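> Sharing a structure here in structure tokens format.
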Amino acid sequence: MKTSEIRARFLEFFAARGHTVVASSPLVPQDDPTLLFTNAGMNQFKAVLTGLETRDYKRAASCQKCMRVSGKHNDLEEVGKDARHHTFFEMLGNWSFGDYYKAESLRWGRDFLVQEMGLDPDRLWYSVYKDDDEAFDAIVTQLGVPAERIKRLGDIEQGDEENFWSMGETGPCGPCAEIYFDQGEDRRCDHPRGCALGVCDCDRWLELWNHVFMQFDRDAQGKLTPLPMQSVDTGLGLERLAAVLQRVQSNYQTDIFQTLIQRMAEICGRRPAGDDLISMQVIADHARAVVFTITDGAAPSNDGRGYVVRRILRRAARHGHLLGVEQPFLHEVADAVIANMGAAYPELRERRERVLPVIRQEEERFLRTLAAGLKIYGEFRDRMRAESRCVVSGAEAFKLHDTFGFPVDLTAVMAAEDGFTVDDAGFAACMQQQRAQSGKERVFMQGIGPWQPLAATSGSALRGRFTGYDTLVGRSEALAVRAGGDDGDGPLTHLFFAAAPFYPEGGGQIGDTGTLTLAGGEKVPVLTTVKAEEGPALVVRGDAGDWSARLRAAGPVHLAVDARRRWATMRHHTATHLLHAALRRVLGPHVEQAGSEVTPDRLRFDFRHDRPLTRQQIAQVEDVVSRAILDNQPVQRREDVPLAEAKAAGAMALFGEKYGDTVRMIEIPGGLALAAALATEPGQRYSLELCGGTHCQATGDIGGFRVTHESSIAAGVRRIEAVCGEPALTLARNDREQLQDLVDILRRDGGSLAGQVRELLAERDRLRKELQRQEQSAARADLAGAVGAARAVGDWQVVSALVGATDREALLQLGDHARDTLGERGVVVLGAVWDGK
């Protein structure tokens, strides 16, 4: 059975049992700062499972795109070497939100594997948590499984969390039951206690399907309290199930990988065997990973998710090098990924023309430095052997990373092949020093502690309301506090209120600042506002314990956002929407947002486009945005719009952003000025985006708009920086003053300012060349005396002199002149003084 059929039949099976089939969420989880990539099917249902969000269905099924690039079973360096390790994989899953529970979940799990997939029920084994009698009894009585094929595992009181799942140190948790497939006696191991489920960890006992039963709420002391809504969260590895059904011993032998491995074999002209097979398996895995991550918005870069993509892509490029491929190739394997999986994930086909060039350009960039980097590594290796050293120093690893683009794990792989290791701590120290020098360290989301409720409320029941769309002030009781790390000037604390007008940083918009006024009139500055699952978290200075005591005694607190700062931020946010729409009209509909930052002082907008903007295009963009501002059209917001309705209306949904069943839309119509520029009818929609940020009431509130910079930040990604409102006015004044300074210096009747400046620069260059010629002539005359007085040293004529050369080229010319004068038996040593050196 092909992998595509397994995927389709799973979703059909659960749809027939009342489950809503939910599309996979993107790999880039914009609303969860704890995740680098989506790594499980439950990620998109996290708020539902914790009771913070509701859906219009109680049952769901999905095939989720997942990425795991670290952890016990997902070590990047192991990918391709064994049967199971992957970076990208697909997770089949079904969920119950307070509906069915253990018995139904386990019965459907057995029915799907046995009745739909045709597995032998006698080869299915089960494990449950040590005292989960409900799950154990359901497996025995309803499924008819002998008790000896069910293992009780785990003991959280003893620190063994086997078969017990938790979302974090506190919060929802519960026992789980796992379904295993016995791959047979020929796969048994030689464990000293015997090859048995729960004893060994060999490949005979293949874990297929984990059924998590969210039953408890765990507090900071470890106490388990039954949840009011008990839920089910399951995960079935698609690649593993395909290997079982296709009767192969490795995931890489399944149809979904074999197509890619064969394509790589064609490219390199080698057979997939031995070390070459390992390289081909790495490339097949990594091609899938880069296609899906770039499609979902994580472009290769030097930090965050983008750096993970770059690491994976460059590891694949190095394995191509090991296979003898010296030209870019990964985009060809990536195209095979899109062809194979585009039916299940249409976004792959939709974004093919953008994704493949990004992969090719990134690979070309790395190949330009790969040979040089390998040469430098070879020098390090030879030096280490000569010094009887077995560890690549942190500084050496950092040089390969910083100069030649070698991810440290790639260096570690090469070192291991030569019997060496890498000083990871030393490398980390070098990286930390570089970050400190760049001043890019973020502090407000480091060292976060758990919420400490101020009333008899569990942490998972906290829920706050953002009121800042309609007001900048409010009065509310504090519900909880938590430690917020340290920014170098002292400890920080996050405060959580029942209602707050402070906008938390998110969606590219900077967090609000302002003041809190406590009882007695004490005013406390709010440093910023960050996003928590429960609502806005206000960051203040001080210890969390002290704040807990102060707020318990304070009663309701007056909250006031810095109005001038917020209004300036809103101008830049609305201008960002106008800019996005203008870019799509000037450059084409392929333009997609790849990131943004909105502050009171400027906006930064990253977008998909493969070449620099011309001066004319930038002027066109400015003109379109300025006309939209002149039209002074209302910025219309619509709350709680069904997602399907919003998409049907043509709303721009940002890729990588997770949306609920209902969304908030920002619509901006066009007016007369914009209609004249775009040849459209007045009132026709200009911009429609899904957005949770704060905006002006009308486009005219933005004021002026100026693009200040346009650049490339990654392959296929451009960045525009712009200002509006007061910063735009300040920029215009500065430009005018500089222009007036030029007018005052130059001749008023001398033609255009640019023409006069060009004439002056040309005259300067002519005079410089004439001066250099005269200086060189004088230096040659001085050198003639020194050459005439050359000292004889054996058969050699030696000249040493200090000369008046003004630069390196002049000094070389004088040296050549002296050498030619002396002939073949001459030695010339010349010195010069430049800028006091």
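The values are calculated or read from the model by the stated rules, or taken from the named source; none is laboratory data. Remember, it's a predicted structure, so these values are computed and weren't measured experimentally. Reconstructed Cβ throughout: ideal geometry from the backbone, glycine too, with neighbour counts over all protein chains shown. Protein only, heavy atoms only, side chains kept; ligands, DNA and RNA dropped before computing areas. Shrake-Rupley method; radii C 1.70, N 1.55, O 1.52, S 1.80 Å.
> In the stretch 783-794, what residues are in a strand (DSSP E or B) and either of a type in the set (Gly, Ala, Ser) or open to solvent by less than 90 Å² (accessible area, probe 1.4 Å) (or both)?
Ala792, Val793
Quick grid of which residues meet (1) touching a His at 6+ places or on another chain (Cβ under 7 Å); (2) open to solvent by less than 20 Å² (accessible area, probe 1.4 Å); (3) not small (Gly, Ala, Ser):
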position: Gly671; (1), (2), (3): no, yes, no
position: Ser687; (1), (2), (3): yes, yes, no
position: Arg706; (1), (2), (3): no, no, yes
position: Val717; (1), (2), (3): no, yes, yes
position: Glu721; (1), (2), (3): yes, no, yes
position: Gly725; (1), (2), (3): no, yes, no
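> Something else now. Can we say Arg780 is of a type in the set (Lys, Arg), touching a helix residue (DSSP H, G or I) at 6+ places or on another chain (Cβ under 8 Å) and either outside any helix (DSSP H, G or I) or within 25 Å of Val829 (Cα to Cα) (or both)?
The answer is yes for Arg780.
> Shifting gears a bit: Could you list, in sequence order, the residues of the stretch 802-829 that are in contact with a strand residue (DSSP E or B) (Cβ under 6 Å, 6 or more places away or on another chain) and not in a helix (DSSP H, G or I)?
Answer for the stretch 802-829, where residues must be in contact with a strand residue (DSSP E or B) (Cβ under 6 Å, 6 or more places away or on another chain) and not in a helix (DSSP H, G or I): Leu802, Val803, Arg825, Gly826, Val827, Val828, Val829.
> Spot the failing condition for Ile629; the list is (1) of a type in the set (A, V, I, L, M); (2) open to solvent by 20 Å² or more (accessible area, probe 1.4 Å); (3) over 29 Å from the mean Cα position of the chain (by Cα); (4) within 22 Å of Gln509 (Cβ to Cβ), and only one is missed.
(2)
> For the stretch 294-310, which residues satisfy the criterion of being touching a Pro at 6+ places or on another chain (Cβ under 9 Å) and hydroxyl-bearing (Ser, Thr, Tyr)?
Once the filter is applied, which keeps residues that are touching a Pro at 6+ places or on another chain (Cβ under 9 Å) and hydroxyl-bearing (Ser, Thr, Tyr), the stretch 294-310 yields Thr295, Tyr307.
> Restricting to the stretch 783-818, count the residues that are farther than 23 Å from Arg768 by Cβ, at pLDDT below 85 and not small (Gly, Ala, Ser).
0
> Follow-up question, since we're still on this one. What pairs come out if I take residues in the stretch 111-124 that are closer than 17 Å to Glu5 by Cβ and pair them with residues that are among the β-branched types (Val, Ile, Thr) whose C-beta lies under 8 Å away, six or more apart or interchain?
Correct list of pairs: Leu113/Ile179; Met117/Ile6; Leu119/Val244.
> Looking at the stretch 331-348, I want the residues that are at positive phi and have a partner that is modelled with pLDDT of 95 or more and not β-branched (Val, Ile, Thr) with Cβ atoms under 9 Å, at least 6 apart or on another chain. Which pairs are those?
Every condition considered, no pair remains.
> Additional query: What number of residues within the stretch 151-167 satisfy the criterion of being more than 17 Å from Cys200 (Cβ to Cβ) and either open to solvent by less than 30 Å² (accessible area, probe 1.4 Å) or aliphatic (A, V, I, L, M) (or both)?
Residues that pass the stated criteria total 3.
> Answer with yes or no whether Ile618 is touching a Cys at 6+ places or on another chain (Cβ under 9 Å) and either among the hydrophobic types (A, V, I, L, M, F, W, C) or crowded, with 19+ Cβ neighbours inside 10 Å (or both). Walk me through it before giving the result.
Details: touching a Cys at 6+ places or on another chain (Cβ under 9 Å): no; either among the hydrophobic types (A, V, I, L, M, F, W, C) or crowded, with 19+ Cβ neighbours inside 10 Å (or both): yes.
It is false that Ile618 is touching a Cys at 6+ places or on another chain (Cβ under 9 Å) and either among the hydrophobic types (A, V, I, L, M, F, W, C) or crowded, with 19+ Cβ neighbours inside 10 Å (or both).
> Keeping to the stretch 113-132, report how many residues are out of contact with any Lys or Arg (no Cβ under 6 Å at 6 or more places or on another chain), over 11 Å from Val145 (Cβ atoms) and among the hydroxyl-bearing types (Ser, Thr, Tyr).
1
> Something else now. Just to be sure, is Ala673 assigned to a helix (DSSP H, G or I), over 30 Å from Pro300 (Cβ atoms), in contact (Cβ under 8 Å) with a residue 12 or more places away in the chain and touching a helix residue (DSSP H, G or I) at 6+ places or on another chain (Cβ under 9 Å)?
yes
> Among the residues of the stretch 728-750, is there at least one that is open to solvent by less than 40 Å² (accessible area, probe 1.4 Å), within 24 Å of Tyr469 (Cβ to Cβ) and β-branched (Val, Ile, Thr)?
no
> Pull up the stretch 102-120, narrow it to residues that are touching a helix residue (DSSP H, G or I) at 6+ places or on another chain (Cβ under 7 Å) and over 11 Å from Ile179 (Cβ atoms), then point me to the one that is surrounded by the most Cβ atoms within 10 Å (Cβ to Cβ).
Across the stretch 102-120, the extreme among qualifying residues is Lys102.
> Report the residue count in the stretch 341-386 for those that are open to solvent by 60 Å² or more (accessible area, probe 1.4 Å) and of a type in the set (Asp, Glu).
So the count comes out to 5.
> How do the pairs read when you match residues in the stretch 740-761 that are touching a residue at least 12 places away in the same chain (Cβ under 8 Å) with residues anywhere that are among the β-branched types (Val, Ile, Thr), using Cβ under 8 Å and keeping only pairs 6 or more apart or on different chains?
Leu742/Val757; Leu753/Val743
> Test Arg305 against the stated conditions and say whether it is of a type in the set (D, E, K, R), within 17 Å of Val69 (Cβ to Cβ) and open to solvent by less than 20 Å² (accessible area, probe 1.4 Å).
Taking the combined requirement at face value, the residue does not satisfy it.
> Restrict the check to the stretch 222-236 and report whether at least one residue is more than 28 Å from Phe89 (Cα to Cα) and open to solvent by less than 50 Å² (accessible area, probe 1.4 Å).
Within the stretch 222-236 (the criterion being more than 28 Å from Phe89 (Cα to Cα) and open to solvent by less than 50 Å² (accessible area, probe 1.4 Å)), the answer is yes, since at least one residue qualifies.
> Oh, and also: What about Arg747, is it of a type in the set (Lys, Arg) and not in a helix (DSSP H, G or I)?
For Arg747, the condition - of a type in the set (Lys, Arg) and not in a helix (DSSP H, G or I) - is met.
> To continue, here is another question. Can you tell me which residues in the stretch 676-693 are acidic (Asp, Glu) and either in a helix (DSSP H, G or I) or under 25 Å from the mean Cα position of the chain (by Cα) (or both)?
Glu689
> Could I ask something else about it? Got a number for residues in the stretch 351-375 being farther than 18 Å from Ile294 by Cβ and either modelled with pLDDT of 90 or more or not hydrophobic (A, V, I, L, M, F, W, C) (or both)?
Adding up the residues that qualify gives 4.
> Also: So which of Glu726, Glu721 ends up being at pLDDT 90 or above and closer than 24 Å to Pro504 by Cβ?
Going through Glu726, Glu721 in turn, just one is at pLDDT 90 or above and closer than 24 Å to Pro504 by Cβ: Glu721.
> Still on this structure, I have one more. Condition test on Asp335, is it of a type in the set (D, E, K, R), part of a helix (DSSP H, G or I) and either farther than 28 Å from Val591 by Cα or in contact with a strand residue (DSSP E or B) (Cβ under 6 Å, 6 or more places away or on another chain) (or both)?
Here the answer is no, as Asp335 does not meet what is asked.
> Here's something else I'd like to know. Pick from the stretch 401-434 the residues that are within 30 Å of Gly511 (Cβ to Cβ) and surrounded by 12 or more Cβ atoms within 10 Å (Cβ to Cβ): which of them is modelled with the lowest pLDDT?
Gln434
> Among all residue pairs at least 6 apart or on different chains, which show Cβ distances below 7 Å where the first residue, located in the stretch 578-604, is among the β-branched types (Val, Ile, Thr) and the second is open to solvent by 40 Å² or more (accessible area, probe 1.4 Å)?
Sorted first by the residue in the stretch 578-604, then by its partner, the pairs are Val586/Gln617; Val586/Gln620; Val591/Arg584; Val598/Ile510; Thr599/Ile510.
> Determine which member of the set Arg585, Arg566 is modelled with pLDDT of 95 or more and either surrounded by 23 or more Cβ atoms within 10 Å (Cβ to Cβ) or in contact with a Leu (Cβ under 8 Å, 6 or more places away or on another chain) (or both).
Selected residue: Arg566, the only one of Arg585, Arg566 that is modelled with pLDDT of 95 or more and either surrounded by 23 or more Cβ atoms within 10 Å (Cβ to Cβ) or in contact with a Leu (Cβ under 8 Å, 6 or more places away or on another chain) (or both).
> I'd like to know if the stretch 795-813 contains one or more residues that are β-branched (Val, Ile, Thr) and surrounded by fewer than 12 Cβ atoms within 10 Å (Cβ to Cβ).
No, every residue in the stretch 795-813 fails to be β-branched (Val, Ile, Thr) and surrounded by fewer than 12 Cβ atoms within 10 Å (Cβ to Cβ).
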